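These notes concern the structure reproduced below.
The values are calculated or read from the model by the stated rules, or taken from the named source; none is laboratory data. Just so it is clear, the structure is predicted and the values come from calculations on it, not from any experiment. Because the Cβ atoms are built from the backbone with ideal geometry, glycine has one as well, and the counts that use them run over all protein chains shown. We work out accessible area using only protein heavy atoms, side chains counted, and drop any ligands, DNA or RNA first. Shrake-Rupley method; radii C 1.70, N 1.55, O 1.52, S 1.80 Å.
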Amino acid sequence: VHSITNYVVMNSTANVLLAAGAAPVMAHAREEMKEMVGLASALVLNIGTLSEHWVESMFAAGGAAGEKGIPIVLDPVGAGATRFRTRTALRLLKDLSITVLRGNASEIRACAGAAGRTRGVDSTADSQEARDVAVELAHKSGIVVAMTGEVDIVTDGRRTVSIRNGHPLMSRVTGTGCASSVLTAAFCGANTDSLAATASSLAFFGLAGERAAPKADGPGTFWPLLLDQCHNMTPEELTEGARVELEPRL
Amino acid sequence: VHSITNYVVMNSTANVLLAAGAAPVMAHAREEMKEMVGLASALVLNIGTLSEHWVESMFAAGGAAGEKGIPIVLDPVGAGATRFRTRTALRLLKDLSITVLRGNASEIRACAGAAGRTRGVDSTADSQEARDVAVELAHKSGIVVAMTGEVDIVTDGRRTVSIRNGHPLMSRVTGTGCASSVLTAAFCGANTDSLAATASSLAFFGLAGERAAPKADGPGTFWPLLLDQCHNMTPEELTEGARVELEPRL
Amino acid sequence: VHSITNYVVMNSTANVLLAAGAAPVMAHAREEMKEMVGLASALVLNIGTLSEHWVESMFAAGGAAGEKGIPIVLDPVGAGATRFRTRTALRLLKDLSITVLRGNASEIRACAGAAGRTRGVDSTADSQEARDVAVELAHKSGIVVAMTGEVDIVTDGRRTVSIRNGHPLMSRVTGTGCASSVLTAAFCGANTDSLAATASSLAFFGLAGERAAPKADGPGTFWPLLLDQCHNMTPEELTEGARVELEPRL
């Protein structure tokens, strides 16, 4: 999984991929984008600590990924918080063959052009209205939209799946959203059904959080325990613990 | 708390803020500084891994924070070690409405224009002479000066407070100084008395260290336990454990 | 130890140095390279998340380190994966007075101009043929070559040493290779025999991994325990646990 991501989570997302059995590569130099993407099975674009040079590399990498036909996951961190982020997310969505858009409710709303302002980058707003925005965006764009929050929603505009795994401590550690994006890329890189792969990756990570939390005394000890769970979880445990449901059509 | 900080500690300072109940935002693009600051209650400027572009963003963010009237904490990492850092710290101090300057003795001395060379960025030198430099700098500039070391000193030039919380393991983990700066920003963002807020934040973090240390086998296990303590500490525990004293005038 | 390194491992390599009793400095601004190197006992150049500006700073720092006569460790992360990385590693090797080159088999092969493509940046390929490449590179260049993998090889082209310490969990955490490079720099900064210092640092870190692993439930809890072991290991424990052997000449 090749990631062009923000400085804050580079270490933690690399570790989450390694723990889950994937191989992370972090690189952003314009000069090597095409070759690096050539070695990858999936690409993650995360705009968490954006600057103009990095945006150019995102387009170069995204273009190469599109040509190669590997999945691209876009994490529009903080879209809606500033015009620079919203505009960049919209340009990436428009010009690249994005496979999955993974964000919280405010970020998805911003990507859909819906009103409402992000409070920083960690905002959430689960509601029927937010879900409708996600479904409509997926329907129009052909992109799988994953809106994460207390309940996660994954939709391709026709089918919508809810995932009820996770634990409140996950929101007290930086980069858990970004981690779910890189896991989604790993799962999509290994599976052709992007909706199922995305839902599975969110169930996987949420379940890992559920299993780690009882052993933790707080967010500090929670994070290493969460990585252990990503490393140790068996397919059987995932199947048994996943709380994934196909939502009825409305 | 909006931070423009060094690459080394972005993850750990974001986690310390989350553990303590604050909301971190890390962003440095010139294009979005004004908007990001508009969403924040406090700003941290940390020159730990400086480059020219980032300095421009610091001025843009600092200018916006000054207009908005939110507190700015400057962490002059490595001031005194190189002319580039010393000069940058001095320019930030001169041109922005800095609320709190938080550094070790060498860094504070460099910011005060005092002689003496930093050995790397982790140097400390507690002494009466260093305290006098801090008090004079605060008095002249109207900035609260927090000089951290074995004993922390916080002064506004008239009142000087000492904080005797902390543990030696805190100096064996990278970014604990930077963490105390972002916590100071969080406390100052929520309180109007900057001297009291700064002293409280240092007592809070030092006490968290004291409580974490007995459970740790070394600096590796110490850090997650320290985050847990930041998350779990009650106001009563802080009041009881804080060793804060108003220093007599000399 | 002054490091110009990749964003992913800045925090973890700083912590490994602190745990082992060394003092890390991370800085990359062209303007301060000469002064920063002037304060250091060793320099690490790591090309893990390269860009053109950083390469310039690497040359500036490397030039200053050469003039000062302090050891330089080059970690050619991902050499062989892209032409940009291979070319940069070769330029650094050619133009600077590199003391130790530390990489995995693919990276060392790329630095030797040998054929074979890196799979990402985490590839390994222990074999007699890879060893021969390392020995020949060291012989021709006068640089100590450390090729790490399941068995580590350190060679100056005349003497070759194998180190059989380590644990498989070390490859499930990002930055353990980079960590061994910064430790190598710390050991070389304190010892004049670069071959012995490099072999000792790899034995030290591998042994720390061996000692940490039985207490870990996975790669998440392994990392903090590994730092603890770096902090707590005595010279006697290292002497007793090191599995270092002089390889017979072939």
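How many percent of DSSP beta bridges within chain C run antiparallel, rounded to 5?
Details: 10 of 26 bridges.
Close to 40 percent.
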Fill in the blank from the handout: In debye to the nearest 20, the charge dipole size for the protein assembly as shown, taken about the Cα centre with +1 at each Lys and Arg Cβ and -1 at each Asp and Glu Cβ, equals 1340 debye
Exercise for the section: Please return the longest stretch of chain B lacking exposed loop sites, where trypsin sites (Lys or Arg not before Pro) count only if DSSP places them in a loop and at most 16 other Cβ atoms lie within 10 Å. Expected result: B:1-116
Fill in the blank from the handout: Here segment C:200-215 yields Karplus 3J(HN,Hα) values (6.51, -1.76, 1.60; θ = phi - 60°; whole Hz; Gly and Pro given as x) of 5, 5, 5, 5, 4, 6, x, 5, 4, x, 4, 6, 7, 4, x, 8
Problem - ³J(HN,Hα), Karplus 6.51/-1.76/1.60, whole Hz, each residue of segment C:233-241, x for Gly, Pro - result: 5, 8, x, 5, 4, 5, 4, 6, x
Exercise for the section: Report, by chain and number, residues whose modeled amide H sits under 5 Å from the one on A:Gly80, excluding near sequence neighbours (fewer than 5 apart, same chain). Expected result: A:Thr86
Exercise for the section: Rounded to the nearest Å, what's the spacing between the alpha carbon centres of segment A:17-76 and segment C:174-221? Just the number, please. Expected result: 30 Å
Practice task
Just check segment B:150-194 against the gyration tensor rule for me: Cα atoms, a ≥ b ≥ c as the square roots of the eigenvalues, rounded for a/c under 1.5, and otherwise prolate or oblate depending on whether a/b exceeds b/c.
Solution key: oblate
Handout entry: Qualifying lysines (Cα of each under 23 Å from Cα of B:Lys68; at least 8 residues distant if same chain)
Key = B:Lys34, B:Lys94
Problem - Mean Cα-pair separation over length for segment B:8-103, i.e. relative contact order, pairs under 8 Å, 6 or more apart, % - result: 25 percent
Completion exercise
Averaged over the residues of A:83-94, the number of partner chain Cβ atoms within 10 Å of each residue's own Cβ comes to 2
Completion exercise
Given backbone amide H placed at 1.01 Å from N, residues whose amide H is under 5 Å from that of A:His28, ignoring those fewer than 5 places away on the same chain, are C:Leu50
Exercise for the section: Enumerate the amide H contacts of C:Asn165 below 5 Å, restricted to partners 5 or more residues apart or on another chain; note that Pro and chain-start residues carry no placed amide H. Expected result: C:Asp152, C:Arg243
Exercise for the section: Can you pull the one-decimal nm distance between simple spin-label points at C:Arg249 and C:Arg83, each 7 Å off the Cα toward Cβ? Expected result: 4.1 nm
Practice task
Report, as an integer, the average count of C-beta atoms from other chains found within 10 Å of each Cβ along C:224-234.
Solution key: 5
Fill in the blank from the handout: Heavy-atom accessible area of B:Cys188, protein chains in place, probe 1.4 angstrom, given in Å² to nearest 10, is 10 Å²
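How high is the relative contact order of chain C, in percent, counting Cα pairs under 8 Å that sit 6 or more residues apart?
Numbers: 506 pairs, mean separation 45.2, N = 250.
Relative contact order, chain C: 18 percent.
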Fill in the blank from the handout: Taking only protein heavy atoms and a 1.4 Å probe, the highest-to-lowest accessible-area order of C:Thr49, A:Thr99 is A:Thr99, C:Thr49
Fill in the blank from the handout: In whole Hz, the Karplus estimates of ³J(HN,Hα) for segment A:133-143 (6.51, -1.76, 1.60; θ = phi - 60°; x where Gly or Pro) are 4, 5, 5, 5, 4, 4, 4, 5, 9, x, 9
Practice task
Take every Cα pair under 8 Å in segment C:168-250 that's 6+ residues apart, average their separations, divide by the length, and report that relative contact order as a whole percent.
Solution key: 29 percent
